[in-house]
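Engineer: Have a look at the structure that comes next, please.
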Amino acid sequence: MIDLLLQESVSKALNSLYNISIEAKDIVLSATKKEFIGDFTLVVFAFVKQAKKSPEQIANEIGKFVKADCEDIEGFNVIKGFLNFEVAQSYWLKFVDINKTKYTFGYQTIREEKPVVVEYSSPNTNKPLHLGHIRNNLLGWSVAEILKANGYAVKKVNLVNDRGIHICKSMLAWQRFGSGETPQSTGMKGDHLVGKYYVLFDKEYKRQIGEMVEKGVDKDIAEKTAPFLLEAQDMLRKWEAKDEKVIELWTMMNGWVYEGFDETYKKLGVDFDKVYHESNTYLLGKELVKEGVEKGVLYQREDKSIWCDLTADGLDEKLLQRADGTSVYMTQDLGTAVLRHKNFNSDKLIYVVGNEQNYHFTVLKLVLKKLGFAWADNLYHLSYGMVELPEGKMKSREGTVVDADDLIDEMIETAKQQTLEHGKTDGFSEEEANKLYHMLALGALKYFMLKVDPSKNMLFNPKESIDFNGNTGPFIQYTHARIRSIIRKAEEGKDIVIEHIRLDTSLELNLKELEIVRNLYAFPMIIDQAGQTNSPALIANYVYDLAKSFNAFYQDIPILKEENESIVAMRVSLAAFVGNTIKTAMNLLGIKVPERM
RNA sequence: GGUCCAGUAGCUCAGUUGGAUAGAGCAACUGCCUUCUAAGCAGUAGGUCGUGGGUUCGAAUCCCGCCUGGAUCACCA
């Protein structure tokens with residue numbers, strides 16, 4: 001790797017010229033900006049004080065030293081305090097030659113034996129998945145894959161919220177109004193069917209409140225004592241007492257929902273190594289709380305409720321167990337965290353959860369540490385922002401929720417329309433064409449979601465997302481298809497096999513080709529960085545840049561008509577390399593790239 | 001009110017550990033399809049990086065104040 005050699009050489013130069021000792025790995029080299037000549041840039045301002053010379057002088061001296069020391073450095077130029085190293089063309093050609101048909105995942109060796117546990121998705125079983133879940137699922141899945149590419153063992157887990165008053169609401173409404181409806185009898189997806197009854201509950205509940213208020217009952221009281229709500233609460237008590245009939249109904253309806261979810265997950269291309277259910281985990285954590293009290297880390301109030309005092313950390317006091325001995329959300333999460341640590345022998349937990357729970361996770365981490373779990377330091381909340389619509393926030397009550405399944409179907413339909421308009425699928429079988437529409441629709445959706453920094457709220461504009469121009473998934477997919485086309489044509493016409501082409505290292509690369517090669521060179525570093533920051537956005541923006549620069553190059557340089565065979569070989573090799581890199585990068589985002597379109 | 005996050009072109013977003021003249025796409029306007037996929041390419045126009053200070057050779061980036069928007073501050077999950 002030329003950048004490592006450069007770092008070493010610069011380190012040597014600093015030492016021998018100015019007696020400054022900096023380890024090679026701490027030498028900061030950046031990619032030279034397009035408008036300047038060179039490949040790597042060293043900023044020398046930092047050494048001015050110690051070297052006691054002008055920046056220009058220092059840059060020139062280091063440049064000379066490195067040029068003599070490092071054989072692949074052909075030259076250098078100095079602009080103010082910026083020292084630009086020029087890497088020999090032959091080096092880049094060798095680089096292309098070696099990697100042209102390879103997939104270059106960052107680290108392929110195992111970095112750590114212990115797995116990283118990534119929790120994501122975590123739906124409720126009372127309603128179907130919506131736009132927010134899509135962001136969550138795509139982020140979680142992609143982060144897991146990026147970590148794998150960085151040499152971590154990864155376990156993807158899902159914690160389904162399958163119990164509680166909200167679940168009872170849809171159960172009750174189904175009993176009352178359902179007249180035996182099932183997914184089979186209605187042809188509805190199970191999660192949608194159950195969601196329908198959740199809405200019906202709310203309707204009836206509101207109607208009852210209205211009726212009571214009309215009769216002169218105070219609104220607050222009506223909201224708390226409406227018969228339908230009391231029935232739901234009663235049902236929850238029965239559930240907790242393991243009432244046979246309630247459990248039977250609960251099992252059946254949840255079963256419908258899971259089938260529905262599985263279908264949506266499949267469409268999105270996400271999967272899990274283990275699924276946890278809150279019905280099994282909601283009682284966890286009580287032991288921990290008890291131990292905490294014994295250790296004196298937690299304290300009990302006169303009413304027997306148990307608290308954790310976080311005022312020393314600038315936070316409030318946090319309840320961990322109610323006076324009646326029942327546990328709360330936090331208690332449960334403490335329990336599941338410890339359970340996971342045990343289940344997977346894992347010291348690293350990543351939670352993909354919306355930023356409205358930032359406080360919750362700060363507290364979770366602190367309490368775990370207080371309870372004496374050192375691994376709590378490695379608990380990471382991958383917090384993501386809300387997805388907003390042009391019309392404003394999504395509100396389930398106002399019916400402005402964008403349903404995940406509907407959205408996906410809509411995207412596929414639009415992909416189909418646009419593709420037909422462009423006549424792209426002429427000569428495709430129906431199966432091939434449908435496959436392509438899927439790829440494009442999901443590519444558009446996934447790319448749109450993942451290219452944005454997770455921590456930020458984002459605006460989802462359905463119309464714009466289905467735009468197939470610009471910084472979009474389909475543009476990158478299109479670039480890949482064009483690259484495959486070049487390779488097909490090259491192989492047909494020239495009877496060549498890319499693996500066996502040896503590149504002539506005396507060739508000259510033009511500026512656009514150099515830009516592409518540097519971009520390719522940066523790929524492993526991009527993956528590495530994304531692994532550390534858990535950011536698919538980094539990879540998305542990288543692969544877009546690569547696709548864009550390749551398209552520009554490809555537009556005005558004839559590849560196959562070039563007379564000189566070694567130039568043809570070089571360009572086809574470069575195309576193959578770019579194609580593989582795009583495929584690899586897109587894989588990490590969960591996006592498929594078509595061979596042709 | 002306390003805490004946390006965000007504010008970059010008309011809109012949606014990038015901007016590596018502080019580096020050179022802050023970048024893309026969309027929308028607008030100009031060109032380019034007998035030539036490997038025009039879902040493309042080239043170009044024009046568009047900026048007080050919310051704001052005021054500070055740190056230094058250098059700040060969109062780090063620190064402090066203020067303004068704006070959002071989240072959260074439940075014996076809900």
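The values are calculated or read from the model by the stated rules, or taken from the named source; none is laboratory data. Note that the structure is predicted; figures quoted are calculated from it, not measured. Please note: Cβ atoms are built from the backbone with ideal geometry, for glycine as well, and neighbour counts cover all protein chains shown. Ligands, DNA and RNA are excluded from the accessible area calculation, which covers all protein heavy atoms including side chains. Shrake-Rupley method; radii C 1.70, N 1.55, O 1.52, S 1.80 Å.
Engineer: Each residue of segment A:163-175 in order: what ³J(HN,Hα) in whole Hz does its phi give by Karplus 6.51 cos²θ - 1.76 cosθ + 1.60, θ = phi - 60°, with x for Gly and Pro?
Structural biologist: Running phi through 6.51 cos²θ - 1.76 cosθ + 1.60 with θ = phi - 60° gives 9, x, 4, 5, 5, 4, 4, 5, 4, 5, 5, 5, 4 Hz.
Engineer: Can you give the accessible area of A:V154 in Å² (nearest 10), computed on protein heavy atoms with a 1.4 Å probe?
Structural biologist: A:V154 exposes around 10 Å² with every protein chain in place.
Engineer: Over segment A:345-438, average the accessible area per residue using a 1.4 Å probe and give it in Å², no decimals.
Structural biologist: Working: 5010 Å² over 94 residues.
Dividing the accessible area of segment A:345-438 by its residue count gives 53 Å².
Engineer: Related question: Cut-off under 26 Å on the C-alpha distance; same-chain residues fewer than 8 positions from A:K369 excluded. Which lysines are left, in chain and number order?
Structural biologist: Hits, sequence-local ones excluded: A:K114, A:K155, A:K156, A:K274, A:K286, A:K290, A:K295, A:K304, A:K318, A:K342, A:K348.
Engineer: I would also like to ask the following. Please give me the summed charge of the neighbours of A:S30: other residues whose Cβ is under 12 Å from its Cβ, Lys and Arg +1, Asp and Glu -1.
Structural biologist: Details: positive: A:K33, A:R518; negative: A:D3, A:D39.
Overall, the nearby charge balance is 0.
Engineer: Now a separate question. Considering only protein heavy atoms, with the full assembly of protein chains and a 1.4 angstrom probe, order A:E388, A:E74 by accessible area, largest first. If you can, show how the numbers build up before the last one.
Structural biologist: Details: A:E388 55, A:E74 105 Å².
Final ranking, largest accessible area leading: A:E74, A:E388.
Engineer: What is the distance in Å between the Cα centres of segment A:238-316 and segment A:486-519?
Structural biologist: Using only Cα atoms, the two centres lie 56 Å from each other.
Engineer: Could I ask something else about it? Over chain A, what relative contact order in percent results from Cα pairs under 8 Å that are six or more residues apart?
Structural biologist: Numbers: 906 pairs, mean separation 96.6, N = 597.
Relative CO of chain A lands at 16 percent.
Engineer: Give the percent of DSSP beta bridges with both residues in segment A:55-203 that are antiparallel, rounded to the nearest 5.
Structural biologist: Working: 6 of 12 bridges.
If I count the DSSP bridges inside segment A:55-203, around 50 percent turn out antiparallel.
Engineer: With only alpha-carbon atoms counted, please give the Rg and Dmax of chain A, in Å.
Structural biologist: Rg then Dmax for chain A, in Å: 29.6, 95.
Engineer: Something else now. Share of chain A's accessible area from carbon and sulfur, percent, 1.4 Å?
Structural biologist: On the way: 14510 of 28740 Å².
About 50 percent, which is the carbon plus sulfur part of the accessible surface.
Engineer: Still on this structure, I have one more. Going by accessible area, probe 1.4 Å, with all protein chains left in place, what is the ranking of A:F550, A:F373, largest first? Don't skip to the end; give the middle numbers.
Structural biologist: On the way: A:F550 5, A:F373 45 Å².
In descending accessible area the options line up as A:F373, A:F550.
Engineer: Pairs of alpha-carbon atoms within less than 8 angstrom and 6+ residues apart define the contacts here; what relative contact order does segment A:422-561 have, in percent? List each step's numbers first, then the result.
Structural biologist: Numbers: 73 pairs, mean separation 42.9, N = 140.
Averaging sequence separation for qualifying contacts and normalising by length gives 31 percent for segment A:422-561.
Engineer: Let me ask something else. Below 12 angstrom from the Cβ of A:I350, what's the summed charge of the other residues (Lys, Arg +1; Asp, Glu -1)?
Structural biologist: Numbers: positive: A:K155, A:K156, A:R340, A:K348; negative: A:E119, A:D347.
With Lys, Arg at +1 and Asp, Glu at -1, the net is +2.
Engineer: For segment A:279-289, just list the computed ³J(HN,Hα) in residue order, Karplus coefficients 6.51, -1.76 and 1.60, θ = phi - 60°, integers in Hz, with x standing in for Gly and Pro.
Structural biologist: Once rounded to whole Hz, the list reads 4, 9, 10, 5, 9, 5, x, 5, 4, 4, 5.
Engineer: Would you calculate, for chain A, the mean residue ellipticity at 222 nm contributed by helices, counting each DSSP H stretch of 4 or more residues as -39,500 (n - 2.57) and dividing by all residues, to the nearest 500? Walk me through the intermediate numbers first.
Structural biologist: Numbers: 22 runs with 330 residues, N = 597.
Rounded to the nearest 500, the figure is -18000 deg cm²/dmol.
Engineer: Further question on the same structure: Using unit Cβ charges (K, R positive; D, E negative) and no other charged atoms, how large, in debye to the nearest 20, is the dipole of segment A:451-597 about its Cα centre? Let's see the in-between values first.
Structural biologist: Working: 17 positive and 18 negative charges, 104 e Å.
It works out to roughly 500 debye.
Engineer: Taking every DSSP beta bridge that has both residues in chain A, what percent is antiparallel when rounded to the nearest 5? It would help to have the intermediate numbers written out before the result.
Structural biologist: Working: 22 of 44 bridges.
Percentage antiparallel, nearest 5: 50.
Engineer: Something else about it: Which is farthest toward the positive dipole end of segment A:31-128 among A:L93, A:S122, A:N77, measuring Cα position about the Cα centre, with Cβ charges +1 (Lys, Arg) and -1 (Asp, Glu)?
Structural biologist: Of the candidates, A:S122 comes out farthest on the positive side.
Engineer: Taking the alpha-carbon distance from A:K49 and a cut-off under 20 Å, which lysines remain once sequence neighbours fewer than 8 residues away in the same chain are dropped?
Structural biologist: Cα-Cα hits under 20 Å: A:K12, A:K80.
Engineer: Excluding ligands and nucleic acids, what accessible area in Å² is computed for A:H192 using a 1.4 Å probe, to the nearest 10?
Structural biologist: 40
Engineer: Taking R0 as 41 Å, what FRET efficiency do you get between A:D262 and A:I22 from their Cβ-Cβ distance, rounded to the nearest 0.05? Write out the running numbers ahead of the final one.
Structural biologist: Values: r = 54 Å, r/R0 = 1.32.
That gives a FRET efficiency of 0.15.
Engineer: Read phi for every residue in segment A:24-38 and hand back ³J(HN,Hα) as whole Hz from Karplus 6.51 cos²θ - 1.76 cosθ + 1.60, θ = phi - 60°, with x for Gly and Pro.
Structural biologist: Result, rounded to whole Hz: 3, 5, 9, 6, 9, 10, 10, 5, 5, 5, 3, 6, 10, 7, x.
Engineer: So how exposed is A:K290, as accessible area in Å² (1.4 Å probe, rounded to 10)?
Structural biologist: 110
Engineer: Could you sort A:E8, A:E562 by their accessible area in this structure, using a 1.4 Å probe and putting the largest first? The partial results should precede the final answer.
Structural biologist: Working: A:E8 105, A:E562 55 Å².
Largest accessible area first, the residues go A:E8, A:E562.
Engineer: Also, I was wondering about something else. Which lysines, on any chain, are close to A:K215 with Cα under 21 Å apart, when same-chain ones fewer than 8 places away are left out?
Structural biologist: Correct list for A:K215: A:K203, A:K206, A:K224.
Engineer: To continue, here is another question. Quick one: which residues, 5 or more positions from A:A153 or on another chain, have an amide H under 5 Å from its amide H? H modelled 1.01 Å from N in the peptide plane, none for Pro or chain starts.
Structural biologist: For A:A153, whose amide H was placed from the backbone, the distant partners under 5 Å are A:E112, A:V116.
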